[in-house]
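Structure record follows, encoded as structure tokens.
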Amino acid sequence: MSGKSGLIIEPRGRHHDKAPFSCGVESLDVYLRRHASQDVKRRISRVFVARYPDNPMRIVGYYTLSSLSIDLSASPENTARKLPKHPLFAALIGRLAVDASAQHQGIGKMLLCNAIKRTLAVSNDIGIYAMVVDAINQDATSFYMRYGFSRLSDSSNRLLLPLKCL
């Protein structure tokens, strides 16, 4: 899947060189290097990487998608009263990171748009109420909130984007 800038976003493969990836958040770097392939093999999550066409091995960004059920009973009352009392299904963006050399070029936005597009496509076949992310820090929270995510509760770093909003 190509973006406007020629950026290619595709499932992570063995040919992708994960070693040089560094986004400035150690846990995100370590995940890509040590755990991503195992999560994919065990069907825990899917990992999608961004690369440029002229360098098919170099990862400039990545995100993960998996599923989860969420209990919205603790959410603000105006949201909770409109929804069923049972847990709802959602797509979880478990991680989203851009290599330090490629930050501030819109790659994070392109990765997020790609994740949303993939989720919307799947939601035509199975029920998915929302996209969910657990923001790793305040910068991440601000990033997601710029694109319509809102806090699940005042004290939570979990953010939600109902698919009906898209």
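Can you tell me the length gained on complete extension of the stretch GLU10 to LYS41, counting 0.36 nm per residue apart and subtracting the Cα distance?
Between GLU10 and LYS41, full extension yields 9.5 nm more.
Any idea how many Lys pairs in the chain come in under 17 angstrom at the alpha carbon, given 8 or more places apart or on separate chains? Lysine pair count for the chain: 6. Candidate values (1) 11.2; (2) 10.0; (3) 9.0 were compared with mean projected area of the Cα convex hull in nm² computed on the shown model; the agreeing label is (2).
Summing Cβ point charges (Lys, Arg +1; Asp, Glu -1) relative to the Cα centre of the stretch 8-165 gives a dipole of roughly 400 debye. By the beta-carbon count within 10 Å of each Cβ, the least crowded to most crowded order of MET110, MET131, MET145, fewest first, is MET145, MET110, MET131. Between 0 and 90 degrees, the angle of helix 107-123 with respect to the longest Cα principal axis of the chain falls at about 50 degrees. Extension gain, SER69 to ALA121, is 16.9 nm, computed as 0.36 nm per intervening residue step minus the present C-alpha separation. Taking the number of Cβ atoms within 10 Å of each Cβ as an exposure proxy, the fewest-first ranking of CYS113, CYS23 is CYS113, CYS23.
Arranged from fewest to most other beta-carbon atoms within 10 Å of their beta carbon, TYR147, TYR129 become TYR147, TYR129.
Bear in mind that the values in this text are calculations on the coordinates, not laboratory data. Keep in mind that this is a model prediction, so the values were computed, not measured. Using ideal geometry, Cβ is built from the backbone for each residue, glycine included, and neighbour counts are taken over all protein chains shown.
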